[in-house]
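The values are calculated or read from the model by the stated rules, or taken from the named source; none is laboratory data. Treat the numbers as computed from the prediction; the structure is a model and nothing was measured. Here the Cβ positions follow ideal geometry from the backbone for every residue, glycine too, while neighbour counts run over all protein chains shown.
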Amino acid sequence: MKKSNFVAMMMGTVSGMLFALGMCMALIPQWNAFKPGVIFGCVGIVLSIITLMVWRKMENKKPVKLSFKTVLTIFVGIVGALALGVGMCFSMVWGNMIAGIVIGFIGIAVLLCLIPIVKGIKE
């Protein structure tokens, strides 16, 4: 394993754990830790961005250029993940199974749209 991959794996694991713990703290009402949870989640996101920058620097890659395609890819990914998550919440938390399944399928379809956006369609 290359050193850059190992560092990225460690930093990514820590950032993911911080983000997940923050979301649990913010979204589980019994914990009464909404504000600290949001802070932990934001620290996890910032550490993820730092991880990406450190890994790209160690791999001697150019910084990511923000083009329309990059912004569209990020936007579609966020919308799809949110739709899938809302569908899961409808089904599992709010007890509305039909709406949850429909919204979840819409989220999956939006996430599947990422494939042609990123890879393109070839003959």
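Per-residue answers, yes or no, for (1) more than 20 Å from L27 (Cβ to Cβ); (2) assigned by TED's automatic domain parsing to the domain that holds L27; (3) at pLDDT below 90; (4) loosely packed, with under 13 Cβ neighbours inside 10 Å:
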| site | (1), (2), (3), (4) |
| --- | --- |
| A81 | no, no, no, no |
| M88 | no, no, yes, no |
| L112 | yes, no, no, yes |
| E123 | yes, no, yes, yes |
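Against the definition (closer than 27 Å to I117 by Cα and part of a helix (DSSP H, G or I)), how does N60 come out, yes or no? Break it down into steps so the answer makes sense when it comes.
Working: closer than 27 Å to I117 by Cα: yes; part of a helix (DSSP H, G or I): no.
Here the answer is no, as N60 does not meet what is asked.
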Just for region 1-51: of the residues that are among the hydroxyl-bearing types (S, T, Y) and either within 26 Å of C89 (Cα to Cα) or at pLDDT below 90 (or both), which one is surrounded by the fewest Cβ atoms within 10 Å (Cβ to Cβ)?
-> T13
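Checking the conditions here, which among G95, G87 is without any contact (Cβ under 8 Å) to a residue 24 or more places away in the chain, farther than 22 Å from I45 by Cβ and either aliphatic (A, V, I, L, M) or part of a helix (DSSP H, G or I) (or both)?
Details: G95 fails: either aliphatic (A, V, I, L, M) or part of a helix (DSSP H, G or I) (or both).
Step by step, each of G95, G87 is checked, and only G87 is without any contact (Cβ under 8 Å) to a residue 24 or more places away in the chain, farther than 22 Å from I45 by Cβ and either aliphatic (A, V, I, L, M) or part of a helix (DSSP H, G or I) (or both).
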